[in-house]
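The values are calculated or read from the model by the stated rules, or taken from the named source; none is laboratory data. Every value quoted in this text rests on a predicted model; they were computed, and no experiment measured them. All Cβ positions, even for glycine, are placed from backbone atoms using ideal geometry, and neighbour counts span all protein chains on display. The accessibility values were calculated without ligands, DNA or RNA, using every heavy atom of the protein model including side chains. Shrake-Rupley method; radii C 1.70, N 1.55, O 1.52, S 1.80 Å.
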Amino acid sequence: EEAAAKKPIAKVAGPARCILRAERTALNILSLASGVATAAHAAMEMARARGWHGKVAGTRKTTPGFELVEKYALLVGGGAMHRMDLSAMVILNDNHICSTGSIMQSVAKARVACGF
């Protein structure tokens, strides 16, 4: 669902000094999240227009300290989370395969190291 133009998204109350001190930070975080959600939505729309019925997952790195904000924005935009953090799954890439000699050896070593 798209947000309506010029529609308030938050109301704040408190001492003016505190509000003004936090305003720029809040706007920057909101801008970051909005950009991630917009990009995720655009990717989903592009995939759907081409007949894709699967999920479009965000697999790129997040900004340190903003993982939750960016992952939530991805979900709001219609994307899917690939994983929450590095501990959520094992990924074997070409470097791992080259270092062990084969995908089978890489999987075997990952199972020993990760306990699955």
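Quick one: in the stretch 72-87, which of the residues that are part of a loop (DSSP other than H, G, I, E, B) and open to solvent by 30 Å² or more (accessible area, probe 1.4 Å) is modelled with the lowest pLDDT?
Initially, the stretch 72-87 is screened for residues part of a loop (DSSP other than H, G, I, E, B), giving 77-79, 82-85.
So of that shortlist, the ones also open to solvent by 30 Å² or more (accessible area, probe 1.4 Å) come out as 78, 82-85.
Numbers: 78: 93, 82: 79, 83: 76, 84: 75, 85: 72.
Within the stretch 72-87, the match that is modelled with the lowest pLDDT is 85.
Report whether or not residue 33 is in a helix (DSSP H, G or I), in contact with a helix residue (DSSP H, G or I) (Cβ under 8 Å, 6 or more places away or on another chain), open to solvent by less than 60 Å² (accessible area, probe 1.4 Å) and of a type in the set (A, V, I, L, M, F, W, C).
Details: in a helix (DSSP H, G or I): yes; in contact with a helix residue (DSSP H, G or I) (Cβ under 8 Å, 6 or more places away or on another chain): yes; open to solvent by less than 60 Å² (accessible area, probe 1.4 Å): yes; of a type in the set (A, V, I, L, M, F, W, C): yes.
Taking the combined requirement at face value, the residue satisfies it.
What are the pairs with Cβ atoms under 8 angstrom where one residue, in the stretch 92-116, is free of Cβ contacts under 8 Å to residues at least 60 places away in the same chain and the other, located anywhere, is open to solvent by 60 Å² or more (accessible area, probe 1.4 Å) and in a helix (DSSP H, G or I)? Sequence gap at least six, or different chains.
Listed pairs, sorted by first residue: 92/103; 97/103; 100/109; 106/96; 106/99; 110/96.
What do you reckon, is residue 40 farther than 30 Å from residue 108 by Cα and either under 19 Å from the mean Cα position of the chain (by Cα) or not in a loop (DSSP other than H, G, I, E, B) (or both)? Working first, answer last.
On the way: farther than 30 Å from residue 108 by Cα: yes; either under 19 Å from the mean Cα position of the chain (by Cα) or not in a loop (DSSP other than H, G, I, E, B) (or both): yes.
Yes; evaluated as a whole, the condition is true for this residue.
Being touching a strand residue (DSSP E or B) at 6+ places or on another chain (Cβ under 9 Å) and among the charged types (D, E, K, R) is the filter here; which residues of the stretch 57-81 pass it?
Within the stretch 57-81, 70, 71 meet the criteria.
What are the pairs, 6+ residues apart or on separate chains, where a residue within the stretch 47-68 that is touching a residue at least 60 places away in the same chain (Cβ under 8 Å) and under 25 Å from residue 85 (Cβ atoms) has its Cβ under 8 Å from a residue that is of a type in the set (Ser, Thr, Tyr) and open to solvent by 60 Å² or more (accessible area, probe 1.4 Å)?
none
I'd like to verify a number: residues in the stretch 68-116 that are on the phi > 0 side of the Ramachandran plot and in contact with a His (Cβ under 7 Å, 6 or more places away or on another chain), how many?
The number of residues fulfilling the criteria is 1.
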